[in-house]
Each structure stands twice: as C-alpha cells, then as structure tokens.
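Undergrad: The structure is given below, and queries will be raised subsequently.
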Amino acid sequence: MTIIFPTAVLAALYLLFLLWHHNWFKSPLTEKEIRRISVKGDYEDMDIREKENFMKFIQADDGKPFFMVNLMKFREKAIYPDGDFPDIQSGEDAAKLYNSSVIKELLIYL
C-alpha cells in the first residue's frame, strides 16, 4: 500500500507530462487567446514592424509545435549602456538574467 500510492501519483504526473509534451490536444490559438496575448504582453520596446510580425506569427498558428535554436557565443565581459546592471560581469551572466526574465514573460500566458 505504501508503494502503490506514490507510484500512482508519479504515473499520473508522467501522463500529464506526456499530454503536454506530445501536444495530444493541439489546436490553433483561438481569437480570445490571441487577444489575451496581445493585451497581456509588454511590447513597448518593440518597434511597429516587430509588433506586426509577432501578431502575424501568432495569428498564423496551426496548433503544431515549432522549434527554435539559439546559437549563442558569450562575450567575456557583458556590455550595458549607461552602466545598467553593474552586477552582471560576463556574457554568460547576462544570458542568465535574460533567461530569467523571459521565463517570467512566458509564464504569464499560462
């Protein structure tokens, strides 16, 4: 009995992961989801063409997964204008800062 419960919980979690990972219930974004993305996002620092391209991208969603590859080469020393982020020393540290903020942005859509 003590082994069955944790095993069942782990199996259920794995099944949920598979449902998400393999996108078994895939469908294109709905108009409501597209509106929510366009309203919730912070696009003030994007120029108009970037905004337009982003909107075209999400409106063209077909429900299938897409893949991105980031090929990055880090600078030895991070360079920020106006002395922003003085604690960030290396390019790798700058990437970690960027990744932490991107994850927060992605999570607002859940």
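The values are calculated or read from the model by the stated rules, or taken from the named source; none is laboratory data. What you are looking at is a predicted structure, and each value in this text was computed from that prediction instead of being measured. Using ideal geometry, Cβ is built from the backbone for each residue, glycine included, and neighbour counts are taken over all protein chains shown.
Undergrad: Of all residues in region 66-110, count the ones that are touching a helix residue (DSSP H, G or I) at 6+ places or on another chain (Cβ under 9 Å), surrounded by 10 or more Cβ atoms within 10 Å (Cβ to Cβ) and among the basic types (Lys, Arg).
TA: 2
Undergrad: Let me ask you something else. Contact list please: Cβ distance under 8 Å, first residue in region 1-27 and under 18 Å from Asp62 (Cβ atoms), second residue assigned to a loop (DSSP other than H, G, I, E, B), pairs at least six apart or on different chains.
TA: Asn23/Gly63; Asn23/Lys64; Asn23/Pro65; Lys26/Gly63; Lys26/Lys64; Lys26/Pro65; Ser27/Gly63
Undergrad: Follow-up. Among the residues of region 37-58, which ones are over 15 Å from the mean Cα position of the chain (by Cα), closer than 19 Å to Leu107 by Cβ and basic (Lys, Arg)?
TA: Those that are over 15 Å from the mean Cα position of the chain (by Cα), closer than 19 Å to Leu107 by Cβ and basic (Lys, Arg): none in region 37-58.
Undergrad: Sticking with this structure for a sec: Between residues in region 80-108 that are without any contact (Cβ under 8 Å) to a residue 40 or more places away in the chain and residues that are outside any loop (DSSP other than H, G, I, E, B) and small (Gly, Ala, Ser), which pairs lie under 6 Å by C-beta distance while being six or more apart or on different chains?
TA: Final answer for the pair search is Ile88/Ala94.
Undergrad: Also, I was wondering about something else. Find the residue count for region 26-63, including only residues that are of a type in the set (A, V, I, L, M, F, W, C) and not in a helix (DSSP H, G or I). Spell out the reasoning first.
TA: Of all residues in region 26-63, those of a type in the set (A, V, I, L, M, F, W, C) come to 29, 34, 37, 39, 46, 48, 54-55, 57-58, 60.
Among the residues that remain, those that are also not in a helix (DSSP H, G or I) are: 29, 46, 60.
The number of residues fulfilling the criteria is 3.
Undergrad: Residue by residue through region 64-98, note down the ones that are in a loop (DSSP other than H, G, I, E, B) and modelled with pLDDT under 85.
TA: Scanning region 64-98 gives Lys64, Pro65, Phe66, Phe67, Met68, Asn70.
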